[in-house]
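Everything on this sheet refers to the single structure shown next.
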Amino acid sequence: MDGFLLSRADRTLRTVGARSRYDSASAAITALADGDTELVVGALPFDPARPAALTAPAWSEVTSGPWRPPRVERLPAVRVARQVPEPAEHVARVGALVDRLRSGALGKVVAARSVVLASETPVDPEALAARLIQSNPLANGFAVDLTSAGDGFRGHSLVGASPEMLISRRGRSITCRPLAGTAPRRTDPGADEREGRGLLDSTKNLAEHAFVTAWIEEVLAPLCTELSVPEAPILTSTHEVWHLATPIRGLLRDPATDALTLATLLHPTPAVCGTPSDLALAAIREVEGERRFYGGAVGWCDAQGDGDWVVAIRCAEITADGLEVLATAGGGIVAGSDPRSELDETTAKLRTLLGALGVVAAD
């Protein structure tokens with residue numbers, strides 16, 4: 001695809017083409033400040049040291065409500081080609097990380113795994129995005145051209161339906177809604193309700209969530225004259241999982257602080273990386289290698305500084321030829337984590353993408 005899509009419950013932004021490309025947030029922020037462009041869209045990678053995929057679009061359009069294309073194209077059949085790592089290795093990795101957490105300075109680290117899907121005919125990024133948005137119009141559905149990140153991403157697309165808002169800015173008002181702590185949904189209503197209540201009472205998940213909200217408060221407090229962080233999380237859900245969520249609101253001290261700058265200050269949060277951030281990021285680089293754009297951020301920022309940035313989860317990267325889809329999911333690991341349960345959590349999260357593509361399971 002040659003463009004950008006972010007579909008939210010209240011509005012949809014679509015763009016086509018690129019007048020300019022930026023491989024770093026700082027270059028894009030400078031372009032906005034200098035008046036070189038009125039709008040920047042795209043994606044930040046998981047690892048802040050890697051190139052970004054940001055553009056000044058050639059054309060843009062904002063419409064109200066979630067994206068409603070005239071028709072949702074059929075998706076081709078896909079098959080699981082391989083898993084990276086294999087499930088047994090992921091369990092072993094989590095076990096090793098738990099040992100490290102119990103004996104070291106790390107408080108939390110996020111472990112991720114991927115499923116590589118193969119198709120005989122191209123998977124169209126916008127068709128996959130449309131299917132995800134049709135399934136859940138309240139999610140933050142997105143499709144992003146990753147070409148600006150360099151040769152290894154030329155023609156690749158990132159597609160997903162994120163439940164998590166990293167930061168939204170309108171004037172001096174900012175909001176974010178971090179998610180941390182997960183439990184699977186159940187088909188039986190009674191069992192499903194028990195899963196949700198159990199998540200709210202889970203010491204392990206509440207501790208994991210507290211790491212995230214405390215870190216966000218630490219980052220945002222110096223930038224705000226007012227900041228509201230509820231003491232306890234609320235329960236929220238997607239079709240596949242329950243989450244703990246905390247709605248955070250603030251009023252910026254300096255009206256010149258723009259949405260993209262805020263996104264770079266917050267990203268990656270402990271929800272997708274861990275804490276302390278530098279040690280968690282080092283552990284992820286060591287154990288997993290490069291995460292590419294999974295766990296990054298997708299969004300837009302305009303010349304007034306307003307914008308929306310969502311966390312790039314429940315997503316997949318599609319190759320330029322459309323014949324390979326890399327779907328990734330992760331889970332927060334703390335000292336009390338059970339490795340097998342952490343594998344099950346990633347399986348539940350992967351169902352968003354795999355289900356849209358007609359794949360039943362990946363464990």
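Values in this text are rule-based calculations from the coordinates and carry no lab data. Computed from a prediction, not measured in an experiment: that's the story for all the values here. Backbone-built Cβ (ideal geometry, glycine too); neighbour counts: all protein chains shown.
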Fluctuation leader among Glu286, Glu240, Glu208 - the chain, Gaussian network, Cα springs under 10 angstrom: Glu286
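Quick one: if the Förster radius is 22 Å, what FRET efficiency do Val287 and Arg102 give, using the C-beta to C-beta distance and rounding to 0.05?
On the way: r = 16 Å, r/R0 = 0.74.
Efficiency for this residue pair is about 0.85.
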Using alpha-carbon positions, the gyration tensor of segment 10-123 gives root eigenvalues a ≥ b ≥ c; with a/c under 1.5 called rounded, otherwise prolate if a/b exceeds b/c, else oblate, the class is oblate
Gain in length, Ala27 to Ala303, computed as 0.36 nm per residue apart minus the alpha-carbon separation, to one decimal in nm? 98.0 nm
Using Cα-Cα distances under 8 Å and only pairs 6 or more residues apart, what relative contact order does segment 242-363 have, in percent? 19 percent
For the chain, set up a Gaussian network in which alpha carbons nearer than 10 Å are linked by springs, and say which option among Phe142, Phe46, Phe153 fluctuates the most. Phe153
Simple spin-label estimate for Ser173/Arg79, 7 Å along Cα→Cβ, in nm, reads 5.3 nm
For segment 105-252, what class follows from the C-alpha gyration tensor (a ≥ b ≥ c being the square roots of its eigenvalues): rounded when a/c is under 1.5, otherwise prolate if a/b is larger than b/c, else oblate? oblate
For the chain, what is the calculated [θ] at 222 nm in deg cm²/dmol (nearest 500), taking -39500 (n - 2.57) for each run of four or more DSSP H residues and dividing by its residue count? -9000 deg cm²/dmol
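Which whole-number percentage describes the relative contact order of segment 1-150, with Cα contacts under 8 Å and a sequence gap of 6 or more?
36 percent
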Work out, step by step, the length gained on full extension between Lys204 and Ile234: first 0.36 nm times the residue separation, then minus their alpha carbon distance; give nm to one decimal. 9.2 nm
Would you mind getting me the FRET efficiency between Glu193 and Ser135? Use the beta-carbon distance for r and R0 = 25 Å, nearest 0.05. 0.65
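Which helices, counted as full DSSP H runs in the chain, have an axial Cα extent of no less than 18 Å and a Kyte-Doolittle average of -1.0 or above?
Flagged H segments are 87-103, 203-220, 339-356.
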I want to check the label-to-label distance for Arg253 and Ser341. Put each point 7 Å from Cα in the C-beta direction and report it in nm to one decimal. 4.0 nm
Residues Leu326, Leu132 arranged by fewest to most Cβ contacts within 10 Å: Leu326, Leu132
State the label only: which of [x] 0.94; [y] 1.01; [z] 0.98 corresponds to Rg/Rh (Cα atoms, Kirkwood Rh) computed from the shown model? [x]
